[in-house]
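Every number in this text was worked out from the coordinates using simple rules, so none of it is lab data. This one's a predicted model, so the numbers in the text were calculated from it and none came from an experiment. Glycine also receives a Cβ, built like all others from the backbone with ideal geometry; neighbour counts cover every protein chain displayed.
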Amino acid sequence: MSDSTVCFSKHKIVPDILKTCPATLLTVTYGGGQVVDVGGELTPTQVQSQPKVEWDADPNAFYTLLLTDPDAPSRKEPKFREWHHWLVVNIPGNQVEKGVVLTEYVGAGPPQGTGLHRYVFLIYKQPQKLTCNEPKIPKTSGDKRANFSTSKFMSKYKLGDPIAGNFFQAQWDDYVPKLYKQLSGKK
């Protein structure tokens, strides 16, 4: 068992989101060189901008990228499990910027006093190019992000198990109110 597999199990991502651990580790780098270290803690301030995501991709295949928080509004009471932060399909190779964005990226926004939340990045290799009927969600909206189900989405589009993944943990900091304002559509 790899360290990342142990970490996915230790932090209960398996079974809270997944049935099995991703086979390989996804490289996620935020501006300023902040690298996601399996299960390490980052602040909402550090992860407010869309990161660079890299994996060992077949340049002739299409992939799906998902970022989800299973701990909404808290790990103790996850009644909104899962709250998805980013969803991109039909990514050619690992060129995320050329994929179809279904849900625009928003960073971590754990409510004050709810402790650490897990933010899980997953990559799925698609069997073919997808035609999705999911709502397109802008970064200025929190609508339709709660109660997302990774397993239902993956089943619907026959994506199988994730081929790569990584995650960090975050808790409230003073950037979170700015994110909430952005999600409400206010300037």
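Screening PHE121 against (1) under 17 Å from THR68 (Cβ atoms); (2) in contact with a Lys or Arg (Cβ under 9 Å, 6 or more places away or on another chain) leaves a single unmet condition, (2).
Tell me the residue from ASN94, ASN90 that is touching an Asp or Glu at 6+ places or on another chain (Cβ under 7 Å), more than 22 Å from VAL176 (Cβ to Cβ) and of a type outside the set (Val, Ile, Thr), please. Spell out the reasoning first.
Working: ASN90 fails: touching an Asp or Glu at 6+ places or on another chain (Cβ under 7 Å).
Matching residue, one of ASN94, ASN90: ASN94.
Applying the set (1) touching a Cys at 6+ places or on another chain (Cβ under 6 Å); (2) farther than 15 Å from ILE123 by Cα to PHE8 leaves exactly one unmet item: (2). The requirement of being basic (Lys, Arg), within 25 Å of LYS10 (Cα to Cα) and either outside any loop (DSSP other than H, G, I, E, B) or without any contact (Cβ under 8 Å) to a residue 24 or more places away in the chain (or both) is fulfilled nowhere in the stretch 169-185; no residue meets it. If you go through the stretch 131-140 one residue at a time, do you hit one that is touching a helix residue (DSSP H, G or I) at 6+ places or on another chain (Cβ under 9 Å), basic (Lys, Arg) and farther than 18 Å from ARG75 by Cβ? Yes: one or more hits.
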